[in-house]
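These notes concern the structure reproduced below.
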Amino acid sequence: MSPAIQPKIDFFSTMVTLDWFVFGLVLVATVASVFYGSYLKRDQGSDESESENFLDLLLMGRKLTLPLFVATLVATWYGGIFGVTEIAFNQGIYNFVTQGAFWYLAYILFAFFIVDKVAIYQAMTLPDLIGKMFGPYSAKLAAVFNFFNVLPIAYVMSLGIFINLLFGWSMWVSMLCGVLIVIAYSLYGGFRAVVFSDLVQFFVMCSGVLLILILSFHHFGGVGFLLENLPPGHWSPTGNVGLGPTLVWGFIALSTLVDPNFYQRCFAAESSAIAKRGILFSTIIWFCFDICTTLGAMYAKAVIPEAESGHAYLTYALQLLPAGIRGFVLAGILATILSTLDSYLFLAGTTLSFDLAPKKWKGKVLIHHLGVILVGAIAFLMALVFKDIKTVWKTLGSYSAACLLLPVVYGYLFPGKIKDKHFVFSCLLGVVATTLWRNWERTGFAKNIDELYAGIAATSTGLLLSFLWEKKSKTRQHNA
């Protein structure tokens, strides 16, 4: 017999004592994993220099094994679960295409095209790598892009939504409490704490979304039920937006090639072979996870179509699941948010304290801690400004894909061809074009052209002009 599922519920009253007990156990396991990671560090000896301690803080001493690599990379990628399930609830498999399929291609390109190329640089961060490839000014500019790309605004919002729905606190109080908790354990153990907490969160989040899909199939039936109860547009790969806006997400997905989370894990891996295999294994898991979240949200749409789209998936899941399992799955949803928020918070703090800080402050653990706290404050304040998670992803992702992607990829393809000044010029040209196009009131044909395309065109033009200028300069020198 199918459960009676309502479009609106009191989340707190839905939970019973067993749910809270299981939910608490998962939180205790997460905290214990952080202490366990710290214990392993102390067990290895504490007679390390400050530089070695900082290397452990940022990259776990470059000792990330394959299981830990896969767990932390997978867990880091799904903090915006409310944003993803909202897209699937409203537009069906369009979510799988834009938030899944495009990204798998980018992951595979990263594994086969980039991992081996970056290993030789022994860099600490993505801006550090770019500095070694192009020059110091490129490193600073990349650090600015990097900072805004990993500023965890969307994940502060997601955590705020979760706490707000569960306890009924105001949104700003919910976000503030969530950020303070994540800052606390991120400061305690550094990247090691992030990795070991991700290990627990990885297991819980994957199990949670799988259970929701299995029980949906059991109670309501398979694809036939969805075909009968969903609008035809939910089966369109381009949703209700068309091909052009859909392909924008393809370019945003390619920004994975300049995503600092990928680089950090690759820099931390014991070897490039582990990094490559880890990305490929992670891609398989992401594929399965995306199927679960997309279909789960589509079941929610079919069963409670009038529910609030932003948290329809959670509303549906809490009524579908039995006591105990409900607490476990709820912890899994929380795990997807925390595992991304802590990684982004830590990375943005690293960007401030290592890539953007004056030279005399680099490598200082205290400065890194202050950077993490400052990032938490900035992300919280900006989360109060943005209206929805999708807007955050689209805005920040567009700048990264439009301005930073092409120069970096070109640098891999043609090492030594792009000078420091060329990199800076083309990136800044992309920023200007993206910003102007975004804020210009367009009409006619131009109205349908996304700002990302304008940014890519401008960055490409900047690279071409730089190449022609360099070629002309060499010709003049040769003739002289």
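Hey, can you grab everything whose amide H is under 5 Å from the amide H of Leu64? Only 5+ residues off in sequence or another chain; H modelled, so Pro and N-termini drop out.
Close amide H contacts, sequence-distant or interchain: Ala269, Glu270.
Filter the cross-link list Lys447/Lys472; Lys276/Lys364; Lys132/Lys359; Lys362/Lys417 down to pairs whose alpha-carbon distance in this structure exceeds 27 Å. Please list the in-between numbers first.
Values: Lys447/Lys472 37 Å; Lys276/Lys364 31 Å; Lys132/Lys359 16 Å; Lys362/Lys417 29 Å.
Correct reply: Lys447/Lys472; Lys276/Lys364; Lys362/Lys417.
Please report, in debye to the nearest 20, how large the charge dipole of the chain is about its Cα centre when each Lys and Arg carries +1 at its beta carbon and each Asp and Glu carries -1 there. Don't skip to the answer; put the middle values down first.
Numbers: 31 positive and 26 negative charges, 328 e Å.
So the dipole magnitude of the chain works out to roughly 1580 debye.
Can you list, bin by bin at 5 Å, the percent of alpha carbon pairs in region 53-132, starting at 0?
3, 11, 14, 21, 19, 13, 10, 7, 3, 0
How much mean residue ellipticity at 222 nm does the chain get from its helices, if each DSSP H run of length 4 or more adds -39500 (n - 2.57) and you divide by all residues, to the nearest 500 deg cm²/dmol?
Details: 22 runs with 347 residues, N = 480.
Result for the chain, helices only: -24000 deg cm²/dmol.
Between (i) 370; (ii) 173; (iii) 150, which matches volume of the Cα convex hull per residue in Å³ calculated for the structure shown?
Given (i) 370; (ii) 173; (iii) 150, the structure-derived one carries the label (iii).
Per-residue HN-Hα couplings for region 250-265, Karplus 6.51 cos²θ - 1.76 cosθ + 1.60 at θ = phi - 60°, whole Hz, x for Gly and Pro?
My calculation for region 250-265 gives x, 5, 5, 4, 5, 5, 4, 5, 10, 8, x, 5, 5, 5, 4, 5 Hz in order.
So for His218, His311, fewest C-beta neighbours within 10 Å to most, what's the order? Kindly include the intermediate steps, with their values, before the conclusion.
Working: His218 10, His311 22.
Least crowded to most crowded, the residues run His218, His311.
Quick one: grab the alpha carbon gyration tensor of region 84-189, order the square roots of its eigenvalues as a ≥ b ≥ c, and give me rounded if a/c is under 1.5, else prolate or oblate depending on whether a/b is larger than b/c. Walk me through the intermediate numbers first.
Working: a/c = 2.74, a/b = 1.42, b/c = 1.93.
Oblate is the answer for region 84-189, as a/c is 1.5 or above yet b/c matches or exceeds a/b.
What is the sum of charges, Lys and Arg at +1 and Asp and Glu at -1, for the other residues whose Cβ falls under 9 Å from the Cβ of Leu126? It would help to have the intermediate numbers written out before the result.
On the way: positive: none; negative: Asp128, Asp259, Asp355.
It works out to a net charge of -3.
Return Tyr104, Tyr316 ranked ascending by Cβ neighbour count within 10 Å, so the fewest neighbours appear first. List each step's numbers first, then the result.
Working: Tyr104 16, Tyr316 28.
In increasing order of surrounding Cβ atoms, one gets Tyr104, Tyr316.
For region 167-295, rounded, prolate or oblate, judged on the Cα gyration tensor with a ≥ b ≥ c (square roots of eigenvalues), a/c < 1.5 rounded, else prolate if a/b > b/c? Walk me through the intermediate numbers first.
Numbers: a/c = 1.69, a/b = 1.36, b/c = 1.24.
Prolate is the answer for region 167-295, as a/c is 1.5 or above and a/b outweighs b/c.
Among Thr76, Gly327, Gly224, whose Cα lies farthest out toward the positive end of the dipole of the chain, if unit charges sit on the beta carbon of Lys, Arg (+1) and Asp, Glu (-1)?
So the residue we want is Thr76.
For every other residue with a beta carbon closer than 14 angstrom to the beta carbon of Ile93, add +1 if it is Lys or Arg and -1 if Asp or Glu, then tell me the sum. Don't skip to the answer; put the middle values down first.
Numbers: positive: Lys301; negative: Asp290.
Here the count lands on 0.
Expressed in nm to one decimal, what extension gain is obtained for the pair Leu66 and Phe217 from 0.36 nm per residue of sequence separation less their Cα-Cα distance? Before the final figure, lay out the partial values.
On the way: separation 151, 0.36 × 151 = 54.36 nm, distance 3.30 nm.
Gain on extension, Leu66 to Phe217, equals 51.1 nm.
By its C-alpha gyration tensor, with a ≥ b ≥ c as the square roots of the eigenvalues, how is region 184-251 shaped: rounded for a/c under 1.5, else prolate for a/b larger than b/c, else oblate?
Working: a/c = 4.99, a/b = 1.54, b/c = 3.24.
Oblate shape, in that a/c is at least 1.5 and b/c is the bigger or equal ratio.
If neighbour count is taken as other Cβ atoms inside 10 Å, put Cys427, Cys292 in order from fewest to most.
On the way: Cys427 28, Cys292 18.
By the 10 Å Cβ count, ascending: Cys292, Cys427.
Taken together, the values in this text are just the output of simple stated rules run on the coordinates, not laboratory data. In this text the structure is predicted, and so the values were computed from the model without any measurement. We place every Cβ from the backbone using ideal geometry, glycine too, and count neighbours over all the protein chains shown.
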